[in-house]
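The structure appears right after this line, and notes come after that.
The values are calculated or read from the model by the stated rules, or taken from the named source; none is laboratory data. What you see is a predicted model; the values in this text were computed from it and never measured. Cβ atoms come from the backbone with ideal geometry, glycine included; neighbour counts cover every protein chain shown. Ligands, DNA and RNA are excluded from the accessible area calculation, which covers all protein heavy atoms including side chains. Shrake-Rupley method; radii C 1.70, N 1.55, O 1.52, S 1.80 Å.
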Amino acid sequence: MSIATPLSLPFALAPVTQNDIIRVLGEYTFIRLDNGDEAFYHHGNWITGADASCGEPSVLGLAQSKARAGCKSLRCVELPVPDDAEWSWEDVVQRLVHASVTRQVRGELIVTASENTRHGRGVHVCSDPLLSGINSNLWFPLNAAEDWHAGIERVLTMNGVAENVVRLEPLRDCPEYTDFRVIYNRKICA
């Protein structure tokens, strides 16, 4: 008698519920894939999207104005396009939910840090719909006693983007500023 164990079979993932989707996406979520496709979700429900290959206009402005009207922040997520040629937004959301359960949901963004802004020491978050400012001119002041890691972590956690900052990777160091890649754990609402 032999017992065969199918080692090549993937483990079964638990089915994704609407409550799981709401927990991960939160109230207002904008998703952009690396091919430019976009989707806007409200309370875990797909509202609208934009197909970049067809030249459809971005839904980011709509998502920002709806979140602003609801007095909430807009959660922005950038993800790779799924490998399956017949993917759907449901596949993207399910993958995001499963990643949150396994604690693999990490985010990254680029910040510019400077000791010499017009008003002292500060940090600017680059290309983020929430934290860059309406004209990409928003700077957050940092306390001179804080190191860059602590200050950037405070800004991201205070604005509901991150649970914590994992690490900073210097990208460019100049006399006037330093660019960092910030790796952080996403804020997941329970």
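Scanning the range 38-72 for residues that are buried (at least 18 other Cβ atoms within 10 Å of the Cβ) and assigned to a loop (DSSP other than H, G, I, E, B) yields a total of 2.
For (1) over 19 Å from the mean Cα position of the chain (by Cα); (2) open to solvent by less than 90 Å² (accessible area, probe 1.4 Å), each residue gets a yes or a no:
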| residue | (1), (2) |
| --- | --- |
| 141 | yes, no |
| 148 | yes, yes |
| 164 | no, yes |
| 175 | yes, no |
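Selection within the range 89-118: residues that are assigned to a loop (DSSP other than H, G, I, E, B) and among the β-branched types (Val, Ile, Thr). The member of this set that is nearest to the chain's Cα centre (by Cα) is 105. Taking the condition in a strand (DSSP E or B) and out of contact with any Ser or Thr (no Cβ under 7 Å at 6 or more places or on another chain), does residue 86 pass? So residue 86 does not fit the description; no. Scanning the range 113-132 for residues that are touching a Phe, Trp or Tyr at 6+ places or on another chain (Cβ under 9 Å), surrounded by 13 or more Cβ atoms within 10 Å (Cβ to Cβ) and either farther than 20 Å from residue 186 by Cα or among the basic types (Lys, Arg) (or both) yields 113, 114, 115, 117, 122. Within 13 Å of the chain's Cα centre (by Cα) and open to solvent by less than 80 Å² (accessible area, probe 1.4 Å): is that true of residue 79 in this structure? Yes, satisfied.
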